[in-house]
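Please read the structure below before turning to the comments.
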Amino acid sequence: MTEAAACPQKPVLEIRDLSIALPPGSDRAFAVEDVSFTIHPREIVCVVGESGSGKSVTSFAIMGLLASALKPVGGEILFSGRDLLKVSPAELRELRGNRLSMIFQEPMTALSPTMKVGRQIEEVLRIHTRMSRAERRTRTRTLELMRLVNIPSPDLLSRRYPHQLSGGQRQRIMIAMALALEPALLIADEPTTALDVTTQAQILEQIKQIQQRSNTAVLFVTHDFGVVADIADRVVVMQHGKIVEQGLAREVLQSPSSDYTRSLLAAIPGLHNRQSRALACDVPEILRIDGLSKSYASVGHFLRRHAPTHAVDNVSLTMRRGETLAIVGESGSGKSTVARCVCGLIDPTGGMIEIKGSNRNARTGTLDIERHRLVQMIFQDPNRSLDPRWTVGQSMIEGMRNLGVSRPQAIERAGSLMEKVGLQKSALGRYPHEFSGGQRQRICIARALSMEPQLLIADEAVSALDVSVQAQVLALLARLQHEMQLSILFITHDLRVAVQISDSIAVMHQGRVVEHGPALEIFSNPRHDYSRRLFNAAPGWNWTD
């Protein structure tokens, strides 16, 4: 956690009684109501809350990026004494990128896919400085910024497009752009949500270092209390557009004054929320993976052959009926590739996968449809998993209809499953966009269960959800597992989730399993150096566990 400046200073940002109205017909009158807080130089203030709490709306209001339907109707946003709600559009454009900067949650949507990343950094310098074309072409400042955020081989990577970089590298490019002119205020809107723990730790450390070096004030929007524990000086907790609590981070985390804050803290996954789990020794195996490998040919010059990329290298694992096995590791470790091979979405290049006695090998890639039905997958993003043109009911019955189930039977089963996951049968007639993120993930779980699987694969199924919604989905999976004797292969980069829900954990690194064993043993005494580094990198790991 950082230390705020010792001596009193004028605030960089002061929000006074800010209210932003929602369009008529919304479920409440205000997106943000009577919000007030300040940020001083070299201070990190974290704004936390669930989706719909108003935290991102507040940050967008500061930057002048509110949707046209949202109207500020009261209060002030004072930046160095100037009310940002009253400055002209031209003045606001001058401030943005120069004195005010923002790091967005998803760099792939914030970066232009048609421009090389070096040019995108240079664009900030071109618009806001008098730097000559020659100076920009030498890209000296661009490369300096890329080195500042620890981009490897900056001269090479500056000539690449966003899709050619990893998620962590793209987020570093966003940070470099935001810091190009050393802003007085940096707003970070969920910048680490989708990153693995080691990349997340590196990004957070860089933000702290830059904030201290440049005297920058940081407004950090997040739903992750582990991040709050690691970096925040002060915390602002929001619910339904209002501030329910604010204060020094250590005081809010250790002695919260509001019931809402206490409920958020109680929902954090980890050992403290782990329920007693016991698996009988005589339970039969449902999954056996033996020597699984998956390689991809590298693209190169037609006269030069490149060595193939080994995404998965000689992985062997077993699972029993009713067991939860969590596979953890960084991005690129191969954990999702293993899941997709098991599910049959991609074919392995070597090894064998045995599902309840039925083999799938690299040579034939075959698995009869009945055995294939036993394995279903829940993906990370329900928005991309559900067809926006289909009603929920159409998506639910598709798999059952393909297996020959009559339409009336499929609809009846779909309605029953919707109730099982905590939704109403009437939801079958609605479209995905009419539901919240947590509700859409429940729909995806119901759809997977419609095939009556015995092995459920959850690939980062809760990583993008708020902590309270995440807790609800994890509790739902645990209940369904007990009722239906499901085996769950859980792919995650969140070690807290893995420790809470799993019977055993497999740690993957560079395509290999480096450690595998009972969850509590690996949690309490990781044997491999990589496992220890992974656990140590988790934000706020020692704070609750």
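Some notes on this structure:
- Every residue from region 154-175 that is among the small types (Gly, Ala, Ser) and at pLDDT 85 or above: SER158
- In region 439-488, the residues that are under 19 Å from the mean Cα position of the chain (by Cα) and part of a strand (DSSP E or B): ILE457, ALA458, ASP459
- Of the residues making up region 231-269, those that are open to solvent by less than 50 Å² (accessible area, probe 1.4 Å) and in a helix (DSSP H, G or I) are ILE231, ALA249, VAL252, LEU253, TYR260, THR261, LEU264, LEU265.
- The residues on offer are THR142, THR109, and the sole one that is out of contact with any Leu (no Cβ under 7 Å at 6 or more places or on another chain), among the hydroxyl-bearing types (Ser, Thr, Tyr), surrounded by fewer than 18 Cβ atoms within 10 Å (Cβ to Cβ) and assigned to a helix (DSSP H, G or I) is THR109.
- Of the residues making up region 120-129, those that are farther than 14 Å from GLU144 by Cβ and more than 27 Å from the chain's Cα centre (by Cα) are GLU123, ARG126, ILE127, HIS128.
- Screening SER298 with (1) touching a Pro at 6+ places or on another chain (Cβ under 9 Å); (2) within 29 Å of GLN200 (Cβ to Cβ); (3) modelled with pLDDT of 75 or more gives one miss only, at (3).
- Contacts under 7 angstrom Cβ, first residue in region 199-221 being on the phi > 0 side of the Ramachandran plot and touching a residue at least 24 places away in the same chain (Cβ under 8 Å), partner among the basic types (Lys, Arg) and open to solvent by 10 Å² or more (accessible area, probe 1.4 Å), 6 or more apart: ASN215/ARG42
- Pairs meeting the criteria (first residue in region 398-420 and over 24 Å from ARG479 (Cα atoms), second residue of a type outside the set (Asp, Glu) and open to solvent by less than 80 Å² (accessible area, probe 1.4 Å), beta carbons under 6 Å, at least 6 apart or on different chains) are ARG401/ALA410.
- Residues of region 199-222 that are within 22 Å of GLY332 (Cβ to Cβ) and open to solvent by less than 20 Å² (accessible area, probe 1.4 Å): GLN200, ILE203, LEU204, GLN206.
- Hey, PHE225 among the aromatic types (Phe, Trp, Tyr), open to solvent by less than 10 Å² (accessible area, probe 1.4 Å) and in contact with a Ser or Thr (Cβ under 9 Å, 6 or more places away or on another chain) or not: yes
- Number of the exception - GLN380 against (1) modelled with pLDDT of 90 or more; (2) surrounded by 19 or more Cβ atoms within 10 Å (Cβ to Cβ): (1)
The values are calculated or read from the model by the stated rules, or taken from the named source; none is laboratory data. All figures in this text were calculated on a predicted structure; none of them were measured in a lab. Neighbour counts are summed over all protein chains in view; Cβ atoms, including those assigned to glycine, are modelled from backbone coordinates with ideal geometry. Accessible surface is based on the protein model in full, side chains and every heavy atom, while ligands, DNA and RNA are left aside. Shrake-Rupley method; radii C 1.70, N 1.55, O 1.52, S 1.80 Å.
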